[in-house]
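See structure below.
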Amino acid sequence: QTGKIIAFSVSVYIFYFYRALWTTSRDNHRDLMSGFETIVDEMEKNNESTEEIVMEVVKGLVYRQDRNTEPKDVTMFSSSDQDEISVTQNIGQKQYSWLVKISAEAFNKSRLENNGSAFVGVLQFKNMDVNEEDQNHTVLNNEVYGISMGANISNLTDNIEIIIRAGNLVVENPSVWSCNSWDGRGNLKWTTFGCDTQIINMTIIKCSCSHLTFFAVLMSIPNADIPSSHVDSLTYISSIGCASSMFFLGIALFMHCLLRKNKSSQSTKILINMFVALFTLNLSFLSNESIADTQSSSVCTVIALIMHYSMLSTFTWFFLQALHVYFWLIRQNITIQNYMKKIIVSGWVCSCPVVVIIAALGEYKSVVIQSTAEKTTRMCWITNHYIHYIVNIGYYSLVFSFTTGVFVMIVTKMIQARNVRVADVKKAALKKRLLMILSLFVLLGLTWAVAFFSYGDMIIPSYYIFCVLNSFQGFFLFLYYYHIRNDVEGSFSDDPDRSSSSINTTQENI
């Protein structure tokens, strides 16, 4: 078919080519865009630098740079009324509805693969939405932009920039907008890989992408959002809670280092390591927004890495704390050589490979949490949702399963002990046991499980419960530490060097 079309004049070829480009199935779009090379050949014969494409549902422009000139950055833009597409090297104050900026680096790569010819074709497709299976997103203005240079353009250091005006839409919460690409093959499947999203003045979306293909701005369905008022309240609660947690965790660490470091039992040492991980997590969370506002990508990557590492380490210490409780209180013995050294190394090393791989993939970036007329709230975190669910949610699910099992076994033993000695149980003892259950609930990190219920009508209440419990977690753990501060002299010792009589006393205290 392509050979037959070439036999016609350029205008006739362009008409049928782009008619086929739209009417053919989306699976063939990428192959058909390779026809730009034929158009460029005709443009070279006629010594033309631009060729505009105007169809009913497709509009675009092919631009060719002269072989004897040095490649330069070029901006292709559509007028504000979208009646005309033009090429310029400096957009200046010109009004536009969308623009695409192609870097000189991309033209150089195009020239290497096209025998010295450097060109770019930009097509705007109308009435093209997401696939029917995706009910959570929609395409901004139902517009998709295809960009081709007749070469494999990827891994650019000077990225391709696509700026789109949202029209009458105002981006109240930019976190629901994202720049996506599709490789043109198979089913319509969008991905954010290789593209960064930036919101300008809440009405302009800027996509910075390191490769060329089909691009669109996807918008989440509004009812999945959290209202701005709730975001402000949750942020305020989290900030106050984290500051409070840091204060009490700092006191506990100070007390441990000055007063009890040489007398600590194994469970106290594990608890202190958990305090360090939580303190780092709270500190990185509180400083995250300020660092994100600097818009320094390298610094943002570092703080996101530290925050993620400390969070995964906290989960690991939840697991190790439960494992220690299981060994000592359930199995009632620990026969592992170099037990504490292995525990400490595991607690701090297990998370390292994960964060290093994610950092190498470049997934730690600045994310817009909320944007209003007065302020834009940013955070340095993971941009890929799949990594978040697999790594964070998946890892905690494993920790939660184990810690929940240990928690159930301990509570069962406490209930059994109460039934055996029901005559001796007093209200004070019952309250003490209830407080111990609550302490274990916080100690084993079960409060994080509230996030599992953040769906449907429960999403807002669960977010509030989650923020309150976890932001004040340091305070609760300090109370637990204060309660067991006399363990090394009292009856709750888990030091294997102590006399075996302490084990019997420990069992009785359960």
Starting from 0.36 nm per residue, how many nanometres of slack lie between ARG185 and MET340 once their C-alpha separation is accounted for?
50.5 nm
7 Å from Cα along Cα→Cβ at both THR157 and LEU323: what's the point-to-point distance in nm?
4.4
To the nearest Å², the heavy-atom accessible area per residue of segment 257-357 with 1.4 Å probe amounts to 46
Once label points are set 7 Å from the Cα along Cα→Cβ at both VAL299 and LYS413, what is their separation, rounded to one decimal in nm?
5.0
I'd like the FRET efficiency for GLU84 and LEU398, computed as 1/(1 + (r/R0)^6) with the beta carbon distance as r and R0 of 51 Å, rounded to 0.05.
0.35
Please give the length that would be gained between SER290 and TYR386 if that part of the chain were fully extended, namely 0.36 nm times their separation in residues minus their C-alpha to C-alpha distance (nm, one decimal).
31.9 nm
Between CYS257 and GLU113, what FRET efficiency comes out of the Förster formula 1/(1 + (r/R0)^6) with R0 = 51 Å and r the beta carbon distance, rounded to 0.05?
0.25
Mind scanning LYS45/LYS94; LYS45/LYS206; LYS101/LYS126; LYS94/LYS189; LYS342/LYS365; LYS126/LYS365 and naming the pairs with a C-alpha gap bigger than 28 Å?
LYS45/LYS94; LYS45/LYS206; LYS94/LYS189; LYS342/LYS365; LYS126/LYS365
Provide the solvent-accessible area of TRP448, counting protein heavy atoms only and rolling a 1.4 Å probe, rounded to the nearest 10 Å².
40
Order these peptides, 44-54, 271-281, by their mean beta-carbon neighbour count within 10 angstrom, highest first.
271-281, 44-54
Taking R0 as 22 Å, what FRET efficiency do you get between ALA104 and GLU44 from their Cβ-Cβ distance, rounded to the nearest 0.05?
0.65
Mean Cβ-within-10 Å packing, highest first, puts peptides 460-472, 301-313 in the order 301-313, 460-472
Name the residues whose placed amide hydrogens come within less than 5 Å of the amide hydrogen of ALA118, ignoring near sequence neighbours (fewer than 5 apart) on the same chain.
GLN65
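The values are calculated or read from the model by the stated rules, or taken from the named source; none is laboratory data. Since the structure is predicted, the reported quantities are computational estimates derived from the model, not experimental observations. Cβ sites come from the backbone with ideal geometry, for glycine too, and all protein chains shown count toward neighbours. The protein model used for the area step is the full one, side chains on, heavy atoms only, and it has no ligands, DNA or RNA in it. Shrake-Rupley method; radii C 1.70, N 1.55, O 1.52, S 1.80 Å.
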